[in-house]
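Presented below is the structure to which this report refers.
The values are calculated or read from the model by the stated rules, or taken from the named source; none is laboratory data. Everything numeric in this text was worked out from a predicted model, so none of it was measured. A quick note on method: Cβ atoms are made from the backbone with ideal geometry, for glycine too, and the neighbour counts reach across all protein chains shown. When the accessible area is computed, the model is the full protein with side chains, heavy atoms only, and any ligands, DNA or RNA have been set aside. Shrake-Rupley method; radii C 1.70, N 1.55, O 1.52, S 1.80 Å.
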Amino acid sequence: MRGEISLVSEKSVRERFLPRLKEAGESAGSIAEELFGFSSVLDSNRKLERALTDPARSTADKQELLSAIVADKVQPLTLEILKALTECQWSRVDHISNSVEDLAIDAIACQADAEGKIGRVAVELAKIHSALLNLTAVRSYLSDTYIPADRRVECLRALLAGNDLDPITMRLAEHSTRDLRNRRYLSTLSWLIGKISEHSGETVVTVTSAVPLSDTQTQKIAEIYARKLNHPVHINSVVDSTVIGGLRVQVGAEVTDTTVVAQLRHLQQVL
């Protein structure tokens, strides 16, 4: 959890720059790449994080340091965003890198929106999440900090090869394992799905069933969750015969599991 000071700081910067990122359109993707890169730099350099968040240092001093590091290496808008973050106060030094990452997600969402792909990206991320639910060994591999990041990314690419995923989806899926940041792979995917859905104004609801849902069932579930969440939803239907019967419904990190296999596991625990 982030402290209130950090949350207020991040909110102010995101609200300030979101219109600019939307205006950048498709080119916001390159800004996202630069922000992702700087977030990784901060993660690997706690001394730099402290220097950029030290309340005892003047804003001018922090921005001079920032310019010395990234001058001529990033676009003007990226530098503006980073300078704005150094003007803020933070509850903890590592919260600044969290906010750099969040702004990178904002930027890549603006790119997807400009290209008319925002819904597709959210659904594809949800499909990746669903596909990995029963692949425990793969999930562990993609979340293992002892395995080099390039090898984790290589594993993911091999796993997803031939699925014709959008390049933006692949960028986010790879980011989720390249920069773990003390998170599990599926947790990061869930978080990203929520962020992209928030940007699009439409939540992805993943429904797992043993057999394909009918159009009537899909429509009914969509109506129920649209009323519950008070905004439009998109149903990502996943067929998994191992659940035997019933439904598993996931909205972000919230899972409602009424499948037969879940009930059998519960019965086993009780016995």
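Helical content alone sets the calculated 222 nm signal of the chain at -21000 deg cm²/dmol, taking -39,500 (n - 2.57) per DSSP H segment of four or more residues and averaging over every residue. In order along the stretch 156-167, the phi-based Karplus estimate (6.51 cos²θ - 1.76 cosθ + 1.60, θ = phi - 60°) of 3J(HN,Hα) comes to 5, 4, 5, 5, 9, 4, x, 8, 6, 7, 5, x Hz; Gly and Pro are listed as x. Positive end of the dipole of the stretch 4-115 (Cβ unit charges, origin at the Cα centre): among Leu65, His95, Ala112, the Cα lying farthest that way belongs to Leu65. How about the stretch 1-70: which GluC sites (Glu not before Pro) there lie in a loop by DSSP and see at most 15 other Cβ atoms within 10 Å? The qualifying sites: there are none. Phi angles across the stretch 175-180 convert, under the Karplus curve 6.51 cos²θ - 1.76 cosθ + 1.60 with θ = phi - 60°, into 3J(HN,Hα) values of 4, 5, 9, 5, 10, 5 Hz, Gly and Pro given as x.
Taking the Cα centre of the chain as origin and assigning +1 to Lys and Arg Cβ atoms and -1 to Asp and Glu Cβ atoms, the resulting dipole is close to 680 debye.
Over the Cα atoms of the stretch 36-169, each weighted equally, I'd like the Debye log10 I(q)/I(0) at q = 0.14 Å⁻¹, rounded to two decimals. Here log10 of I(q) over I(0) equals -0.83.
In the chain, taking the dipole from charged Cβ atoms about the Cα centre, the farthest positive-side position among Leu42, Asn182, Ala158 is held by Asn182.
Only protein heavy atoms count here; on that basis, with a 1.4 Å probe, Val123 has an accessible area of about 20 Å².
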